[in-house]
């Protein structure tokens, strides 16, 4: 059976979940947890994602994020693939790290209550999984964005906090706001799960009864989905092409030089490295555009360079 298409559009909100292959660990030491967050920061820089909440567990992770551009699929492909490569390289492993397809539930953006439910669900995960004692505060669990909501010094620049505070009916980010947020989360911790939280455990959406109809109408506007997909692809490719042109100009190369130079020429490798770090273009696209042979050959070249940095 063919896989269903991801629903993507500008400004979409998602609850994203991905588990380790065979439910095995995706973090083996503290360096892995930090590398994951570093990779998340990089993909946010590439795609413009706005992370509202996250929680990293031993064998899976949760994200609540907004995609200002319709680019969840291309971003997740880069994100999961890059973290897997880095994890395998660090631990001398190979093969898949994540289990099948990641789960991406659309969140009904028409009511702030659904964003609140999704973020609260993510932040409460460590408590409900028994990873912190009943009397411990939620911030005792280090690998959750709840810590960043409570403490300014722990807050990364790619984490957007204003929407969740707004969904809770709170004002600006002040000490009083953060204390009230802590009080509300403590109350939510002992409150039975609501309908929205139940939806977060199943299905493809979190929202009102008419959310699916609203989505269908939104995406059925003439040419809308096709235009969004083309627009995003053209934006990514335009950025990649500009980086290539700038690098060739500095080296005083033209397309003829690019075509005739060896597949592993240092300039090609450097351009490929920039493309992988600054754009979400696939290795296949980069290998074909730079005349670098197969994707596996390109990957080996880039791994060799990364190991020397």
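List of remarks:
- Every pair of residues 6+ apart whose Cβ atoms lie under 8 Å, when the first sits in region 77-94 and is closer than 19 Å to residue 49 by Cβ while the second is outside any helix (DSSP H, G or I) and modelled with pLDDT under 95: 77/280; 77/282; 78/280; 80/102; 84/96
- Filter result for residue 112 (at pLDDT below 95 and over 19 Å from the mean Cα position of the chain (by Cα)): yes
- Within region 184-203, the set of residues being touching a helix residue (DSSP H, G or I) at 6+ places or on another chain (Cβ under 9 Å), modelled with pLDDT of 80 or more and part of a loop (DSSP other than H, G, I, E, B) comprises 200, 201.
- Region 121-144, residues that are in contact with a helix residue (DSSP H, G or I) (Cβ under 7 Å, 6 or more places away or on another chain) and outside any helix (DSSP H, G or I): 132, 141, 143, 144
- Taken over region 249-292, the residue count meeting the criterion of being at positive phi and buried (at least 16 other Cβ atoms within 10 Å of the Cβ) is 0.
- Restricting region 67-76 to residues that are more than 9 Å from the chain's Cα centre (by Cα) and buried (at least 20 other Cβ atoms within 10 Å of the Cβ), the residue that is farthest from residue 100 (Cα to Cα): 69
- Residue 72 within 16 Å of residue 205 (Cα to Cα) and assigned by TED's automatic domain parsing to the domain that holds residue 203: yes
- Test: residue in region 167-176 that is assigned by TED's automatic domain parsing to the domain that holds residue 109 and touching a strand residue (DSSP E or B) at 6+ places or on another chain (Cβ under 6 Å): no
- Matching residues, region 147-183, being free of Cβ contacts under 8 Å to residues at least 40 places away in the same chain, out of contact with any helix residue (DSSP H, G or I) (no Cβ under 7 Å at 6 or more places or on another chain) and surrounded by 15 or more Cβ atoms within 10 Å (Cβ to Cβ): 180
The values are calculated or read from the model by the stated rules, or taken from the named source; none is laboratory data. The structure displayed is predicted, hence computed values, not measured ones. As a convention, Cβ positions derive from the backbone with ideal geometry for all residues, glycine included, and neighbour counts pool all protein chains shown.
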